[in-house]
Every structure is written in structure tokens, then in C-alpha cells.
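The values are calculated or read from the model by the stated rules, or taken from the named source; none is laboratory data. For clarity, every value in this text was computed on a predicted model and none was experimentally measured. As a convention, Cβ positions derive from the backbone with ideal geometry for all residues, glycine included, and neighbour counts pool all protein chains shown.
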Amino acid sequence: MHHDKLEEIKKKREEWEEKVLKPAAKRFRMEKPTEFHTPSEIEGFDFLRDVGFPGQYPFTSASFPVNLVPAVRKGAKPGGLKRASQYSGYGTPEDTRDYYKAQAALGWSGGPNFALDLPTQCGYDSDNKTVAGEVGKVGVAIDTLRDFEVIFEAFTGDQDMDKIATNMTMNAAANILIAMYIALAEKRGIPMAKLKGTPQNDILKEFVSRGTYIFPPRPSMRMFRDSVVFFTKNLPGINITSIGGYHIREGGATREQEMAFSLAIGIAYLQEGVNAGIDIDDFAPKFTFNGSGGSLEIYKEVAFHRAYRRMWAKIVKERFGAKKEESMRIRVPMFAHIGCGSTTKQRVLNNLSRTMIGGIAGLLSGGPPAVFPPYDEPLGLGWSLEARQLADDGARILMYETGMCDVLDPFAGSYFMESLTNEIEKAGWEGLQKIEDMGGAVTAIETGYMQREIARSAAERQARIERGEILLVGVNCFTEEYELDVTVNRLVEHPYSEQKRYDAEEKQKVNLAEVKRTRNNREVKRLLLELEKAAKKEDENLMPLFIQLAKEYASLQEQCDVLRGVFGEWQQDTFI
Amino acid sequence: MENERKIKVLIAKPGLDGHDRGAKVLAFGLRDQGMEVIYTGRRQSAVQIVKAAIQEDVDVVGLSCLSGAHLTFFPKVVELLKEEKAGDILVIGGGIIPEEHIPILKEKGVTEIFVSGAMVKDIADFIRKNVRKAV
């Protein structure tokens, strides 16, 4: 816009503030008047440079040129995307197999999205005494190839392993578990090159939040390097990582911290591949993002995603010299949802209202809407069938009734949104620079910088809630006695019974003992010794050995114990 | 009054659950409330927690668990404290705890469960009222 015109707008604005806004604010006793934005805030705005077109560099408006509205699982409209199922995994592999079979009988198709129990995520077998009480909880227990064999009995024929994509929430032991997946496929006669799926494989964020690490950060990065190299060469259909800024925000980070920390982590992973001698354009397109965190501050979340896409594109292009646009694009299953941290246990149905807003934010920020999590999440992992139905229907209403999916980035060119995007981006670069000055993400984690920062932010947020500076409906305001205590009437049982949950540990111990009795123990021992030798050689890629070990039914813990011996174990300081 | 010892609290995360935001928020918050707080960090066994509680001579043990293993860990800590003749230490818990498990935990000696959305100042008030040691 012409400079004179901007000057005129500034002048007019001052007049408006004085003559119109101030009296109104005074009349309505507003401490802070409602904002209004003008072109003068985006002086120098260049549409092609700053926004561009959807699906093209710098990807500000959207990662893809069209909104990829997915088919929802049940009663799906034809022509949608085939997507991995709801995050799931219960008790023993048998229980999980039966769950998937039951889901298939309900008409659902596509690959599983695994939740693993904590012993599996932390590299322990089900028979380890120290993990008693945790086997088969929060996910399925996996000890050996046998367990993959059982789970995937639910996936055969036109749902066989080369026809579905499998998502797996595995990080510290991702390579060992992927090796079991490969071993199972090969036993079925499916070459690994035909496999599709996404392991989470984002170990650095585990140190910052979530906490399922095993080895210290540096050997963990060596494991990551092995995946970059091996996956790039042998597993073209398997994504390398799914970077999770989401977990960092849920762990207590602010929006800006999430941005800086997760980008720093992404840079560390890209650098690992480049250092291993792979062309950036050969592996960067295989990076995915497990969404970002969210909040109910809808405009800021939309601006966050616009800035985040622009920053990642710039980093991959300018810093790593990528040539292909696919390398620069953020691929993510869902954009700005609200995150579990925005839900409340008090008046739990309000969470449905909250997640609908998250779905709208997702749409406005450039992707299909996800009404996530189900409203009953704060009651325990969001499992009830009614809550899921409502979440699915919420997304369907947004997709098919509102017309919102017809437009990408409706805020493009908005004076307010463009200036807010710039502002958030600026804070993101500053935060990233701080980490770069420390020596990068790994160092910032080793010294506890990221952990300390997010713990402080989380405590500060709670203090603001308690001072009433942040208002949560039904929690710290609108809680008077005339407010109704809205409750949920359960219509449907949990798909996984309490009794099965209780029995899972003992059953899985029996399963594991049977495997250890019938396998070739001499060969397992020999391969474990070989693993130890190979692990000591920094340059050696351990993936081929993990596959051999998987085929011999070596257990997860047996392999992790060998690596613990070589790499050491991460002892997390408390950082508070 | 000024010579009174501060109430000493141990915040602990039993088991493998790594979601420690709540534990850390409480650690900071109770400190602001004038208490002395020690946080054990992640991945502590019941034995380690009890050992630390006795060694540090705390008045309160606050347990946090989101992994669904609370029915195993919380009563275990209570039991071990009793065995170590430290049954007067107040044990409270928090995390993702289903409603129906709260009476079970209370019956097994966990004095109170504070779930998501609880205010730090309410937890602090509860501790002040219920702490059994003369402090």
C-alpha cells in the first residue's frame, strides 16, 4: 500500500481512538478496549514472499493446495483418505487383536495406530519385576516378534501389511520394534520396501516431556541416525519421524517455547541425516509432524501454524539447501486442535464445546478439522464410545455442514492475522537462536534448559489460573451453587474390560515364558553378543542386526539391556 | 511462630509414567505456599520413594500417576511407610484417577486424591489441616 495512504490511515486511527473508541470504552468500563487492526500494521507486506499459494513455498497458507478432508471411519463418505485407526492398544496382544477385529466388524478399515504400554516404551519385558502393575496399561505389551504376530492376525487379506499404514507410538526403542514389524512382514513374504507407516521416533521430545527415554541423548541420536540411513535406503514407505511439538506444549511449554524447542529438535534430526551423508531431499520429505500443541486462543493458534510452516520451509530450504518443495512442507495429521491440556475434569461435557473450537481452529489454520480429544479425556484417556461418536460427529459437522472446508487460509492478507503471524514467528526465531547459541537441541536437553523452562511455564500458568488471570469455565469461575454439575450418563461399556486389564500382566508373562522356552536360545545369545560388539562401533548401523534378532524372537529388554550396557542409561535430573 | 519448622513435602512419580507437569507445578506451587518441597523426579520405585521420605524426614508424600498403575503404587507406598514405622507421614495422590478408584485408595491409607483442576492453594490448605506431625 502506498506510503501516503498508510500515513492517512494512522492519522485517522488516532482520531478514531480519541473521538470514538475512548468514550465507548469509558462508557462500557473496559480496561482494555477490543482490538481493531489496520493495514498500517503490515507495512511492507509482500503477498508472494510472505504468504504465497497453498501447497507452495513458503507454505504459510497451507501445506497442501487442497484441504484433505478425510473420510471418517464409520459411514465414511467415499473418496476420502484411508487413515490409521483411533489411537488404541489394550492389555495383551490377544486383547488388542480382538479389539481390532471387533472394529473391523463395525466397518472400519485401515491400519492400526498403536499405543504401547510403558514397559515396552521404556525397554522392559513384561516379566520384569520392577514394572509390575504397568504391563498392558495405557497400551499393548510387546516383548517379542510373537506379539506382533498375534496383533496382526487382525490384518490379513485386503488389509495385509503391505496394504495398510501402521502408526506406532514408539521412541526410545523404535528401531528394535520396527525391526520386529519388518521381520513379521518378511515372514509373510512381504518385502520391507512395501511397508507403510509412521513410527513416532522422536526421542528428543521424550527428554523434554513425556519421559519414555532409555539411553542418554547422544546415543539416542545415534539410534536416530540409524533410522534415517536405514529407512531412507530400505523403507521408502515408512516415515522417519513424527516430530511432536504437541507433547512439549502439553508438558507445560508456552506456544513460543513449543515452537523454538520443536524446531530445534527438527533441525537436530535433519543435521543427523546430513552428517550421515544423505541428500537432504532424499529424506526430509519423510519427516512428519505429530501436530502441535494447542489452546483455545484461536487466533494465536492459527498464526502459530502459519508461522511454523513458514519457518520450517525456510530452515529446510535456506539452512539445509533443499531443492524439492516436498522437503520443505510440514506434513501433519491435524492442525490446531486444543490439546488435552485444555480440557477440564470439572463439567466434563464442556470439553465438547472446547474441542469444537479446536476443530474450527484446525480448519482456519490450514487442515482438516479434528475434534480432539474426546470430551471424556480428563476422566481417563478418552475412551467412551459416546465421546468418540460426538468427536467424530463434531468433525463431520465441521467438514460436511459448515462449508468451512471450501476455503484455505481465509485469514490470508488479514491485517491482524499477518501481523500476528509475524510477531509469533519473530518470537520463534529468537527462542530458536537461544538454543542454537547453546549448541543446539541435544545440549539444551543435556543441560536441562528445555526441561526447566517448561516446568517454570507450567507453574506460572497454574499461578495465573489461581489468581484468576486465566479463566477456566467451571473450574475457577462460574462455579457458584446455581451452576449445574453436568454429569455424563454412560450408555456403552468400555471396549476393554477391567478384568482383562487386570489379567493382562499374568497372561503376558506366560506368553513370554513360552517364547523363551521354544526359541533357539543359543542363536539369540550369539546375536546379542554381536549386537554388543556392533553397538560399540559408532559407525555401525544396528538395524540389520535388530531384524535378525527379531526373527530369532529375542526380546525387547534383552536387546535394550545390551545397549544399556554400552550406551548407559539416562538419569534424568529433576530440573526444578 | 517464626521458629516453627516448615512443612516438608516429597513429591514423587512412581513407576514409568513420565508425565510430570502436574508434579512439577505442585512442587513449585507448594514452595510458593511456604513449604519445603523435594521432587524425586521420574521413575521411582515405591521403595525408593519411601527411603527418600524417611531420609528427608518429610511430613507429606505426594504421589502423581497418570499411567493407570495408581492402584499398585499408592497403597504400596502407604504399606512400606507403615513397615518403616513412618505411618504418620501424610500420603496424598493425584493424576488420572477414575472416581471409582478413589474410595479404594482412601481405604488403603491414601488420605486424599486431588485430580486435574485442583488448585494448589486448596492442596496446601488440606496439607496444613491434616499434617499429623507436630510442626
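Just to be sure I understand, how many residues within segment A:432-459 are farther than 15 Å from residue A:245 by Cα, assigned to a helix (DSSP H, G or I) and away from chain B (no Cβ under 14 Å)?
So the answer is 11.
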Okay, helices (runs of 4 or more DSSP H) sitting entirely in segment A:469-573 with 1 or more residues that are touching a residue at least 40 places away in the same chain (Cβ under 8 Å) and among the charged types (D, E, K, R), I get A:498-518, A:543-551, A:556-567
The residue that is surrounded by the most Cβ atoms within 10 Å (Cβ to Cβ), considering only those in segment A:193-220 that are over 12 Å from the mean Cα position of the chain (by Cα) and closer than 22 Å to residue A:110 by Cβ, is A:195
Practice problem: Test residue A:57 against the criterion of being within 14 Å of chain B (Cβ to nearest Cβ), over 22 Å from the mean Cα position of the chain (by Cα) and at pLDDT 95 or above, and give yes or no. | Solution: no
Considering only segment A:400-415, I want to know if a residue exists there that is at pLDDT 95 or above, of a type in the set (D, E, K, R) and closer than 23 Å to residue A:55 by Cα. yes
| task | Inspect segment B:99-110 for any residue being part of a helix (DSSP H, G or I), surrounded by fewer than 18 Cβ atoms within 10 Å (Cβ to Cβ) and within 9 Å of chain A (Cβ to nearest Cβ) and give the result as yes or no. | result | yes
For segment A:358-381 the number of residues that are within 14 Å of chain B (Cβ to nearest Cβ) and either over 26 Å from residue B:67 (Cβ atoms) or free of Cβ contacts under 8 Å to residues at least 12 places away in the same chain (or both) is 1
Residue match in segment B:77-88 (condition: surrounded by 15 or more Cβ atoms within 10 Å (Cβ to Cβ) and within 16 Å of residue B:7 (Cβ to Cβ)) = yes
Filtering segment B:26-59 for residues that are within 14 Å of chain A (Cβ to nearest Cβ), under 12 Å from residue B:77 (Cα atoms) and in a helix (DSSP H, G or I) leaves a count of 5
task: Look at residue A:361 and say whether it is in contact with a helix residue (DSSP H, G or I) (Cβ under 9 Å, 6 or more places away or on another chain), within 18 Å of residue A:307 (Cβ to Cβ) and not in a loop (DSSP other than H, G, I, E, B).
output: yes
Condition set surrounded by 14 or more Cβ atoms within 10 Å (Cβ to Cβ) and among the β-branched types (Val, Ile, Thr), scope segment A:460-482, selection nearest to the other protein chains (Cβ to nearest Cβ): answer is A:475
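Of these, A:101, A:187, A:194, which one is on the phi < 0 side of the Ramachandran plot and at pLDDT below 95? Spell out how you get there, then give the answer.
Working: A:187 fails: at pLDDT below 95; A:194 fails: at pLDDT below 95.
Only one candidate passes the filter, namely A:101.
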With criteria (1) within 25 Å of the chain's Cα centre (by Cα); (2) among the polar types (S, T, N, Q); (3) within 14 Å of chain B (Cβ to nearest Cβ), residue A:126 comes up short on (1)
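Can you tell me which residue in segment B:1-25 is nearest to the other protein chains (Cβ to nearest Cβ), limited to those that are surrounded by fewer than 18 Cβ atoms within 10 Å (Cβ to Cβ) and in contact (Cβ under 8 Å) with a residue 24 or more places away in the chain?
The extreme case among them is B:6.
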Apart from one, (1) without any contact (Cβ under 8 Å) to a residue 40 or more places away in the chain; (2) more than 14 Å from chain B (Cβ to nearest Cβ) all hold for residue A:419; the odd one out is (1)
Here the qualifying pairs (Cβ atoms under 8 Å; residues six or more apart or on different chains; first in segment A:329-357 and closer than 20 Å to residue A:247 by Cα and within 14 Å of another protein chain (Cβ to nearest Cβ); second among the aromatic types (Phe, Trp, Tyr) and not in a loop (DSSP other than H, G, I, E, B)) come out as A:339/A:246
Restricting attention to segment A:288-340, the residues that are in a helix (DSSP H, G or I) and at pLDDT below 90 number exactly 1
Within segment B:60-81, residues polar (S, T, N, Q) and either more than 14 Å from chain A (Cβ to nearest Cβ) or assigned to a helix (DSSP H, G or I) (or both) come out as B:72
Residue A:112 meets each of (1) more than 22 Å from residue A:499 (Cα to Cα); (2) modelled with pLDDT of 95 or more; (3) away from chain B (no Cβ under 14 Å); (4) surrounded by 22 or more Cβ atoms within 10 Å (Cβ to Cβ) with one exception, condition (2)
